[in-house]
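The values are calculated or read from the model by the stated rules, or taken from the named source; none is laboratory data. Everything numeric here is computed off the predicted structure, so don't read it as measured data. Cβ coordinates were reconstructed from backbone atoms using ideal geometry, including for glycine residues, and neighbour counts include every protein chain displayed.
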Amino acid sequence: MKNHEYQQIDPQALVTPTPTPPPRPLPEHKPRRARRRWEVFPGKNRFCCDGRMIAARQSGVLPLTLGLILLTSGLFFIFDCPFLVKHLTSCIPAIGGVLFVFVIISLLQTSFTDPGILPRATPEEAADIEKQIDNPTGSSSSYRPPPRTKEVVINQQVVKLKYCFTCKIFRPPRTSHCSLCDNCVERFDHHCPWVGNCVGKRNYRFFYTFIISLSFLTAFIFGCVTTHLTLRSQGGNGLVFALQASPASALELVVCFFSVWSILGLSGFHTYLVATNLTTNEDIKGSWSGKSGNEDVGNPYSYNSIIKNCCSVLCGPMPPSLIDRRGFVPSDDSVQTSPVEIELPAAKNDINMVGRAVTSGRPLPRPPVITLQQPAISIQSHSTA
Amino acid sequence: PADTFHNLQELHHSASLATKVFIQRDYSDSTICKFQTKFPAELDSRIERSLFEETVKTLNCYYGEAEKIGGQSYLEGCLACATAYIIFLCMETRYEKILKKISMYIQEQNEKIYAPRGLLLTDPIERGMRVVSFANTWDVFLSVGTTLKELCTIYKL
C-alpha cells in the first residue's frame with residue numbers, strides 16, 4: 001500500500017476527533033480510502049457498524065446467553081402464555097414482555113458499549129513518564145528496574161498506582177488491565193464471558209440492569225410455568241399428563257431452575273458491591289478488607305452511605321468514551337498524533353534518535369517518514385541506493 | 001565534517017527543548033477528573049503563573065460540574081434506567097454538553113493567551129483525560145528546519 005511518491009494529504013481527511021457521538025459518516029473524497037481509528041486500534045477488540053459498536057475479540061458465550069434467553073422466553077410466550085391468559089390474566093404476557101425487552105436491551109448494551117477503555121499513551125507521554133521514573137531513582141548501579149509504582153493519598157488512605165507496561169501509563173485508581181482484551185479499563189469490575197465484554201465504569205449500570213432484570217424474568221417464568229403445570233394437573237389429571245400436554249414447559253422449567261439460583265446469587269452479590277461502592281476485582285483481591293493486616297484499611301471511594309453509593313454507581317453521570325473509534329487516522333504511518341508535532345514512526349518516535357544517529361556517524365536504520373500535519377506535506381524518502 | 005555535526009548538535013539541542021509539557025491528573029479527591037495546579041518549571045519563562053493556574057482551575061471546575069452527583073444527574077440516570085438506557089442513544093448527556101463547553105473554552109484560551117506566547121494547549125479528552133499538554137509551537141519550525149538539514153546531510157542531497 002506504500003506509495004513512494006511525493007503526495008499531498010487531503011486536509012479534509014484530518015478530522016479532529018470529537019468526544020460526542022458521531023453525527024453521520026464523513027464524506028470520503030480522497031483518492032485512497034482514509035482509515036478510521038478503530039481499524040488501527042491496538043487492543044484485542046472487535047468493532048461493528050464502522051466503529052459504532054465495540055466488543056471483545058472473544059465473544060465468549062454471548063451467543064449461548066442470547067440463545068438461551070430467546071429460546072426460553074420464546075417458548076414461554078408461545079406455549080404458556082395462551083393457557084395462562086385464558087385461565088388467569090392477560091397481564092402475564094405484558095409483564096413478561098417488559099422484562100424480556102429490558103433483558104435483551106441491557107444485554108446488548110453491556111456487550112457493545114465501551115466499558116471505559118483507556119487509550120494507550122502517545123509516544124511523548126510515554127517518554128515524559130519514563131523521564132519521571134528514571135530521574136527520582138537516581139542510582140544506576142542496581143540491576144533491578146526502578147519500581148513502577150506511584151503513591152497517592154485518597155481520603156486519607158495511601159493508594160498505590162501501578163505502571164502498565166502495555167499501555168505505558170500509570171493506571172488511575174481502580175483501573176485494571178484486562179489480559180483478554182489487552183486494554184486498561186477504568187473501574188474494572190471483571191471480564192464477563194457471558195456478555196463477551198469487560199464490565200467497567202461505563203457499562204456497569206447496563207450489566208447490573210441486565211442481571212437484575214434477568215433474575216426477575218427467570219423467576220417470573222419459573223413461577224408462571226409452575227402455575228401453568230399446576231393448573232393443568234388439577235382435576236385428577238396428574239403431573240405427567242400436564243407435562244405431556246405441554247412439553248415445552250418442561251424444558252423451560254429445567255433451564256430456569258438451574259439458572260435462577262446462580263443469577264439470583266450474582267444479583268445479590270452485585271447489589272452488595274453497589275451498596276458498598278466496590279468492584280468485583282477489589283473484592284476478590286481483598287484490597288480494602290485489611291487482609292494485609294493493616295487495620296486502617298477501608299474503602300476510600302465509599303461515601304459511607306448505602307443510598308449515596310447506589311446513586312453514584314447507578315445514577316451517576318455517564319462518562320464519555322475515551323477512545324475515538326470513528327475519527328480518521330491522519331496518515332498511513334502515524335498513530336494518534338496531535339496537530340503540531342513531528343514524528344519518526346520508523347525510528348523510536350523520538351526526535352533525539354535522529355540526533356544521536358547523526359552525531360555517532362551511523363546511518364539511520366530505516367528511512368524515516370516525516371509527517372507535518374499543519375502544513376500539508378508528506379515526505380517519504382527513498383532508500384539510499 | 002566535524003563542524004557541520006557541531007552546528008547540527010547545537011541546533012538539535014535547542015530543538016530538543018521543543019518537548020511537550022504534561023500536567024498530570026490529581027487523584028487526591030478520588031477518581032474525579034482533576035488536574036494538578038502545580039506550576040511546571042518548564043513553563044516558567046513562557047507564561048505567567050496566574051494565567052496558567054486560572055486555566056487549570058477553570059478546567060477542573062468544568063470537569064467537577066460534569067461529574068457532580070446531584071439533582072440533574074439523578075434525574076438523567078433514573079430516566080435512562082426507566083427507558084432501558086435507550087435514551088443515551090438519542091440524547092446528548094450532560095457530560096457531553098459540558099465537554100463541548102470545555103472544547104470551546106480551550107480554543108478560546110489558545111487564541112487569546114497561549115498562541116501569542118507560542119504554546120498550544122491540547123484538550124485532555126484527546127489524551128484519554130490523563131493529561132493537559134502544552135506543546136511548544138515556535139520551536140516546531142526550528143525542529144523542521146533542523147531535521148530537514150540533517151536528512152540532507154545524511155542522504156547527501
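Among residues of the range B:38-67 that are among the polar types (S, T, N, Q), those with a beta-carbon under 8 Å from a residue that is not in a loop (DSSP other than H, G, I, E, B) at least six positions away or on a different chain give the pairs B:THR55/B:GLN109; B:THR55/B:ILE113; B:THR55/B:LEU121; B:THR58/B:TYR105; B:ASN60/B:PHE35. Could we say that B:ALA84 is more than 7 Å from every other protein chain (Cβ to nearest Cβ), small (Gly, Ala, Ser) and touching a Phe, Trp or Tyr at 6+ places or on another chain (Cβ under 9 Å) here? Spelling it out, it is not the case that B:ALA84 is more than 7 Å from every other protein chain (Cβ to nearest Cβ), small (Gly, Ala, Ser) and touching a Phe, Trp or Tyr at 6+ places or on another chain (Cβ under 9 Å). Check the range A:118-137 and report whether any residue there is modelled with pLDDT of 80 or more, surrounded by fewer than 16 Cβ atoms within 10 Å (Cβ to Cβ) and either among the hydrophobic types (A, V, I, L, M, F, W, C) or part of a strand (DSSP E or B) (or both). No, because not a single residue in the range A:118-137 is modelled with pLDDT of 80 or more, surrounded by fewer than 16 Cβ atoms within 10 Å (Cβ to Cβ) and either among the hydrophobic types (A, V, I, L, M, F, W, C) or part of a strand (DSSP E or B) (or both).
Of the set (1) at the interface with chain A (Cβ under 7 Å from one of its Cβ atoms); (2) among the hydrophobic types (A, V, I, L, M, F, W, C); (3) touching a strand residue (DSSP E or B) at 6+ places or on another chain (Cβ under 7 Å); (4) within 18 Å of B:VAL56 (Cβ to Cβ), all apply to B:LEU99 but (3).
With respect to B:ILE32, determine if the residue is in a loop (DSSP other than H, G, I, E, B), touching a residue at least 12 places away in the same chain (Cβ under 8 Å) and either in contact with a Gly (Cβ under 7 Å, 6 or more places away or on another chain) or within 7 Å of another protein chain (Cβ to nearest Cβ) (or both). For B:ILE32, the condition - in a loop (DSSP other than H, G, I, E, B), touching a residue at least 12 places away in the same chain (Cβ under 8 Å) and either in contact with a Gly (Cβ under 7 Å, 6 or more places away or on another chain) or within 7 Å of another protein chain (Cβ to nearest Cβ) (or both) - is met.
For the range A:84-111, which positions are without any contact (Cβ under 8 Å) to a residue 24 or more places away in the chain and not β-branched (Val, Ile, Thr)? So that I can check it myself, show each step before the final result.
We begin by selecting, within the range A:84-111, every residue without any contact (Cβ under 8 Å) to a residue 24 or more places away in the chain; these are A:85-86, A:89-91, A:93-94, A:97-98, A:101, A:105, A:108.
Correct list: A:LYS86, A:SER90, A:CYS91, A:PRO93, A:ALA94, A:GLY97, A:LEU108.
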